[in-house]
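The values are calculated or read from the model by the stated rules, or taken from the named source; none is laboratory data. These numbers were taken from a predicted model, which means no experiment stands behind them. Positions of Cβ are generated from backbone atoms using ideal geometry, with glycine treated the same way; all protein chains shown enter the neighbour counts. Surface accessibility is based on the protein's heavy atoms, side chains included, excluding ligands, DNA and RNA. Shrake-Rupley method; radii C 1.70, N 1.55, O 1.52, S 1.80 Å.
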Amino acid sequence: MNKNKKEIIKQTVPVLKEHGETITTYFYQNMFKAHPELLNMFNQTNQKVGNQPKALANTVLKAAEHIDHLEVLTPAVIGIGHKHRALNVKPEHYPIVGENLLIAIKEVLGEAATPEIMDAWEEYYGELASVFIDVEEDMYEESAWEGFQEFKVTKKEQLSDDIVRFTVENKNLPLDYRAGQYITVKVKPEHYPNEALRHYSICSADTSNGLQFAVKREGAGDTRGVVSNYMHDEVGEMDTIQISAPAGDFTVDQGHEKILFVAGGVGATPIMAMAEEAAVNNVDAALLYSALDESHQPFKEEMEALKNNMDVHVKLTHPDGFLVHDDFKDYLDREVYICGSMHFMDAMINILKDSGFEESNIHYEPFGPKMSLAG
Ligand code: HEM
């Protein structure tokens, strides 16, 4: 892309960002109208709650600030690419998103949308899409299996008031995966108009009896989670569900020798698998876990078992209070892996930084969009 076009993009980004909300609204409305089949792919509960839908369009705008070196985005693109691959986003989907994004941009710029400006945006989107398509091509090649495949539920266990664990099996598929990764389920609840896809972390490093993942019942009323409630109420042992291959880049760096795992609530799911893997590999590790109270505490037995290999400290908000600086004081020299809600992670990252942990030693996975592109 030539210098002139790059300048046009840079000049229009501030005004487009200012109207980011309008762009997002137009973008999704137009796209779903023209391509209703995509309703099967995008999370409609998130559309209602309103957080994740902004991620896609906002990321395109934010990434534009790095137009002079799109390659700096590659690490962030990898995390998003894993999600795309897990959802089965394919190269042929990119022009659909591009076309509808351009319509939304044109709408927002109104008369200011000259052919030069629109031409520059079209070219820029094409370049950004290529970065994603290239990264995702490798992921499709490395994927343990293709698309969504049928798995039989062999076990369903209530782990806490609102968390259920599923063990699933398909004897014909390789269950290779890295601790910390997630699988993606595709279901079609009877009274729901579309198929729905959701990511759930694999919660045990042991795959000898199949893959284990845990699902928390989400939301209430209008924002009741379609899939989590369906999984809790409708899917039982011996049922089959469609699952796409493990994905995700929140995994332990094999070079890390001293590790602290920190998890809150259902954030324990990937962390349990990672901690079990560390135990098997004799890594010097510790686990700090925080849950609301005993009835909301999953993996009680598994955490007890981990005590044979590492310090495990469970703190219940009622009655013990939230994790505080003092809880971290013995672990300052460790690499930290954190998982929990956005709120939990913000709080933990602040405490860790305050306590003297190096920022580069803190690795995290929020349950929600990680809008890490360009901050
Ligand atoms: C999720 C960016 C293209 C489908 C996301 C997320 C980002 C993003 C930042 C959130 C990731 C997270 O949860 O951490 C982009 C960018 C694109 C692009 C910058 C173009 C350059 C596409 C295409 C499709 C697609 C072509 C398929 C039509 C999705 C879906 C999600 C997602 C279904 C999950 C969000 C939900 O279900 O609400 N994308 N994306 N994306 N993307 Fe993309």
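Relative contact order for the range 260-375: 29 percent, from Cα pairs under 8 Å spaced at least 6 residues apart, divided by residue count. Roughly speaking, to the nearest percent, how much of the chain's 1.4 Å accessible area is carbon and sulfur? Solvent-exposed carbon and sulfur of the chain make up 47 percent of the total. Ranking of PHE213, PHE32 by solvent-accessible surface, largest first: PHE32, PHE213 (1.4 Å probe, protein heavy atoms only, all chains present).
The relative contact order of the range 3-142, computed from alpha carbon pairs under 8 Å that lie at least 6 residues apart in sequence, is 39 percent. The solvent-accessible area of TRP121, taken with every protein chain present and a 1.4 Å probe, is close to 0 Å². With a Förster radius of 45 Å applied to the C-beta separation of ASP222 and GLU7, the computed FRET efficiency comes to 0.50. Span-like helix check, the chain: no full DSSP H segment qualifies, none having both a Cα axial length of 27 Å or more and a mean Kyte-Doolittle of 0.5 or more. Each of TYR200, TYR337 has its accessible area taken with a 1.4 Å probe; listed largest first, they run TYR200, TYR337. Once both labels are positioned 7 Å from their Cα atoms along Cα-to-Cβ, the gap between ASN308 and ASP284 label points is 2.3 nm. For the chain, a simple Cβ point-charge model (Lys and Arg +1, Asp and Glu -1, everything else neutral) yields a dipole of about 720 debye relative to the Cα centre. Largest to smallest in accessible area, the residues LYS83, LYS3 fall in the order LYS3, LYS83 (1.4 Å probe, all protein chains included).
Here the relative contact order of the range 49-132, from alpha carbon pairs under 8 Å that lie six or more residues apart, stands at 42 percent.
Cβ-Cβ distance of GLU111 and ASN88, R₀ of 30 Å, FRET efficiency by 1/(1 + (r/R0)^6): the value works out to about 0.15. Take the chain with all the other protein chains still there, run a 1.4 Å probe, and you get 47 Å² of accessible area per residue. Probe 1.4 Å, all protein chains in place: accessible area of GLU127 in Å², nearest 10? Counting only protein heavy atoms, GLU127 exposes about 60 Å² to solvent. Only residues of the range 175-195 count here: report those whose backbone N is under 17 Å from the spot 7 Å along Cα→Cβ of ASP239, or say none. Correct set: 184-195. Bridging of LYS307 to aspartates and glutamates at a Cα separation below 15 Å is possible for GLU276, GLU277, ASP284, once same-chain residues fewer than 8 apart are set aside. Calculated mean residue ellipticity, 222 nm, the chain: -13000 deg cm²/dmol, from DSSP H runs (n ≥ 4) at -39500 (n - 2.57) each, averaged per residue and rounded to 500.
Computed from the alpha carbon positions, the gyration tensor of the range 258-373 leads to an equivalent ellipsoid with semi-axes of 19, 17, 15 Å, biggest first. For the chain, a Kirkwood hydrodynamic radius built from all Cα pairs, placed in the Stokes-Einstein relation at 20 °C and 1.002 mPa s, yields a translational diffusion coefficient of 97 µm²/s. Beta bridges assigned by DSSP with both partners in the chain are antiparallel in approximately 55 percent of cases. Using a probe of 1.4 Å on the protein chains alone, the accessible area found for MET238 is around 130 Å². Considering only VAL164, TYR177, PRO189, and ranking their Cα positions along the charge dipole of the chain that arises from unit charges at the beta-carbon of Lys, Arg, Asp and Glu, the one farthest toward the positive end is PRO189. Which links in LYS33/LYS188; LYS62/LYS90; LYS300/LYS353; LYS6/LYS90 stretch past 25 Å when you go from one Cα to the other? From LYS33/LYS188; LYS62/LYS90; LYS300/LYS353; LYS6/LYS90, over 25 Å: LYS300/LYS353; LYS6/LYS90. By a straight-distance test (C-alpha under 15 Å), which aspartates and glutamates pair with LYS106 as possible cross-link partners, with residues fewer than eight away in the same chain excluded? Qualifying aspartates and glutamates at Cα under 15 Å: GLU18, GLU21, GLU116, ASP119, GLU122, GLU123. Which residue fluctuates most in the GNM of the chain (Cα springs below 10 Å): ASN194, ASN172, ASN281? In this elastic network of the chain, the residue with the biggest mean-square fluctuation among ASN194, ASN172, ASN281 is ASN172.
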